[in-house]
Amino acid sequence: MMAAVLYGRESLKVEQVAIPAVGVDDVLVRVKVALTCGTDFKVWKQGYHARMIMPPAIFGHEMAGVVELAGDAVKDRFPPGMRVVPANSAPCNQCFFCLRDKANLCEDLVFINGAYAEYALLPGRILRENVMEIPTHVSFIDAALVEPLACVLRGIEETGIRPGDTTVVIGCGPIGLKFIRILSRRGVRVIAIGRRSSQMKAAERLGAIATFDVSTLEDPTAAVRQLTYRQLGADSVIEAVGTPTTWQWALKLVRCGGTVNLFGGCPHGTRVEFESSALHYSEITIKSSFHHTPRFVREAFDAIVRGEVSAADFVTGEIRLHELPALFQDMKKRNGQLKVAVLP
């Protein structure tokens with residue numbers, strides 16, 4: 001089969017590899033669609049991810065497809081032809097963190113990669129925890145949004161955002177826009193901060209009440225606070241970029257007693273300075289939401305099945321598998337793409 005193999009930093013090759021062997025509790029899926037992702041782009045730039053993937057390995061983790069072959073232990077549950085969408089990990093449900101409702105921090109979290117290929121192998125634990133059958137009225141491309149949407153839904157709950165709140169979303173890439181879509185539909189006043197006119201238009205289309213383009217505004221703090229109650233600041237801030245500057249903005253934009261979710265991870269080794277009195281005397285809560293859990297995977301899947309979230313809002317193009325290395329190179333130019341559907 002053809003697959004995109006990550007060899008290291010900015011080294012991605014589409015080449016012929018063996019179709020994975022199917023064990024007794026595994027399922028082989030013919031990939032119908034895989035979606036590009038900001039995480040994949042970061043992994044491609046640095047050449048690895050300490051928990052998700054170590055090269056050389058088949059790349060990609062957002063996908064949907066059709067069961068091609070199932071092992072003897074699972075063939076009754078996953079017959080050939082079943083339309084399925086997996087999440088990219090599954091917890092053990094037995095470790096310290098799993099038993100404390102923090103399955104995203106599982107000490108034995110099993111990750112899968114291999115979305116950018118003609119076939120992908122789903123191991124037994126993934127099948128038990130995080131694989132859903134796609135209803136006939138849901139497209140493969142919509143279903144493939146499950147994994148990132150699950151991360152967003154968990155981030156919203158962790159932040160404690162309620163209807164009527166004012167929330168600032170910093171970053172209008174695919175993740176930031178999903179926050180905007182979900183929050184605006186839940187009765188939250190969303191103010192968006194991004195870096196391109198195309199992002200601003202997308203944020204407005206998905207429900208933001210106001211947008212600020214920092215390519216024309218050096219520091220949006222004062223302008224954003226003008227739109228909050230008595231200019232006190234937002235009830236909550238979702239930072240979905242992952243830079244020291246945007247982390248610092250987040251602390252300046254939230255009101256006393258508010259919550260900041262540093263959702264966008266900075267590169268390893270990054271140091272960020274905060275004014276300590278702003279945290280202590282203003283009673284600001286700082287959260288950092290990482291990954292998803294099976295509960296939120298199912299909530300995301302249900303939202304997609306209901307039509308609450310659609311790929312049409314986030315997927316801006318389609319390519320064939322052999323075009324993927326060139327696409328990642330082009331993404332370095334900040335080409336304005338949100339998500340691209342890869343069709344193996």
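The values are calculated or read from the model by the stated rules, or taken from the named source; none is laboratory data. No experiment lies behind these values; they were computed from the predicted model shown. Neighbour counts are summed over all protein chains in view; Cβ atoms, including those assigned to glycine, are modelled from backbone coordinates with ideal geometry.
When residues in the stretch 240-279 are screened for being at pLDDT 95 or above and farther than 25 Å from residue 44 by Cβ, 14 of them pass. Checking 179, 111 one by one, the residue that is in contact with a Gly (Cβ under 8 Å, 6 or more places away or on another chain) and under 16 Å from residue 292 (Cβ atoms) is 179 and no other.
Of all the strands (runs of 3 or more DSSP E) wholly in the stretch 96-210, which have at least 3 residues that are not assigned by TED's automatic domain parsing to the domain that holds residue 266? Talk me through it step by step, then tell me what you get.
Details: elements: 119-122, 131-133, 166-170, 189-194.
Once the strands (runs of 3 or more DSSP E) in the stretch 96-210 are filtered for at least 3 residues that are not assigned by TED's automatic domain parsing to the domain that holds residue 266, what remains is 119-122, 131-133.
A search for C-beta distances below 8 Å between a residue of the stretch 63-82 that is farther than 24 Å from residue 141 by Cβ and any residue that is modelled with pLDDT of 95 or more and assigned to a strand (DSSP E or B), counting only pairs 6+ apart in sequence or on different chains, returns 71/27; 74/27; 77/70.
Would you check which residues across the stretch 216-232 are hydrophobic (A, V, I, L, M, F, W, C) and more than 15 Å from residue 249 (Cα to Cα) and list them?
Of the residues in the stretch 216-232, the ones hydrophobic (A, V, I, L, M, F, W, C) are 217, 222-224, 227, 232.
227 - this is the single residue of the stretch 216-232 that is hydrophobic (A, V, I, L, M, F, W, C) and more than 15 Å from residue 249 (Cα to Cα).
Does residue 283 count as touching a helix residue (DSSP H, G or I) at 6+ places or on another chain (Cβ under 8 Å) and surrounded by fewer than 19 Cβ atoms within 10 Å (Cβ to Cβ)? No, not satisfied. Do any residues in the stretch 14-26 that are in contact (Cβ under 8 Å) with a residue 40 or more places away in the chain have Cβ atoms under 6 Å from those of residues that are loosely packed, with under 14 Cβ neighbours inside 10 Å, where the two are at least six apart or on different chains, and which pairs are they? Here the result reads 14/322; 24/72; 24/73; 25/73, each pair linking the stretch 14-26 to a residue that is loosely packed, with under 14 Cβ neighbours inside 10 Å.
The condition (being surrounded by fewer than 24 Cβ atoms within 10 Å (Cβ to Cβ) and within 18 Å of the chain's Cα centre (by Cα)) is satisfied by just one residue among 118, 157: 157.
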